[in-house]
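Presented below is the structure to which this report refers.
The values are calculated or read from the model by the stated rules, or taken from the named source; none is laboratory data. What you see is a predicted model, and the numbers here were worked out from it, not measured in a lab. Reconstructed Cβ throughout: ideal geometry from the backbone, glycine too, with neighbour counts over all protein chains shown.
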Amino acid sequence: MNIINNTTAIAAVALLLAVTGCTKESAAETQADVAKAEVAGGRDVAAARVEAAGEMADGRMQMTDTQNDLARQAADSALTVALAKSDATYKVAIERCESQAGAARTQCKDEADVELAAAKERAEAAKLAAYPNG
């Protein structure tokens, strides 16, 4: 008898679950649930767009920083090359001055010094023109 009562109780619970699980929502309930889901989905999409926009802005900023770094490095490298050329030209000029004597030698060296200073100023001006920020 105990087995029959247990079996009946289990069957009753199963039937109750089956009946309550199979009940359909009313059209109004379904419509309300759909509206809630649409609102929640809209919020999620809006939040994702805001996050994506922030990430894009960060990416653009990093790219700008990288471009600035490259421009600065290019300007620094061009300055280094220009100064090396100026120094090489100066050394050649000084060696040519050695073939002269007296006042001519002194004047030749003075002219070489002036040309070296002017070449260095041109190199610095070219760097400033290429990278005004520094």
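Run down Gln100, Gln107, Gln73, Gln67 and say which single residue is surrounded by 10 or more Cβ atoms within 10 Å (Cβ to Cβ) and not in a helix (DSSP H, G or I). Full working, then the answer.
Details: Gln107 fails: not in a helix (DSSP H, G or I); Gln73 fails: not in a helix (DSSP H, G or I); Gln67 fails: not in a helix (DSSP H, G or I).
Just one listed residue meets the conditions, Gln100.
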Do we have Glu121 as closer than 30 Å to Ala71 by Cβ, of a type in the set (Asp, Glu) and either free of Cβ contacts under 8 Å to residues at least 60 places away in the same chain or not in a helix (DSSP H, G or I) (or both) here? yes
With the first residue restricted to the stretch 85-104 and required to be at pLDDT 95 or above, and the second required to be loosely packed, with under 10 Cβ neighbours inside 10 Å and assigned to a helix (DSSP H, G or I), Cβ contacts under 7 Å at 6 or more apart or on different chains are none
Can you find even one residue in the stretch 63-81 that is more than 30 Å from Arg122 (Cα to Cα) and modelled with pLDDT under 90? yes
Checked against (1) in a helix (DSSP H, G or I); (2) exposed (fewer than 11 other Cβ atoms within 10 Å of the Cβ), Lys91 satisfies every condition except (2)
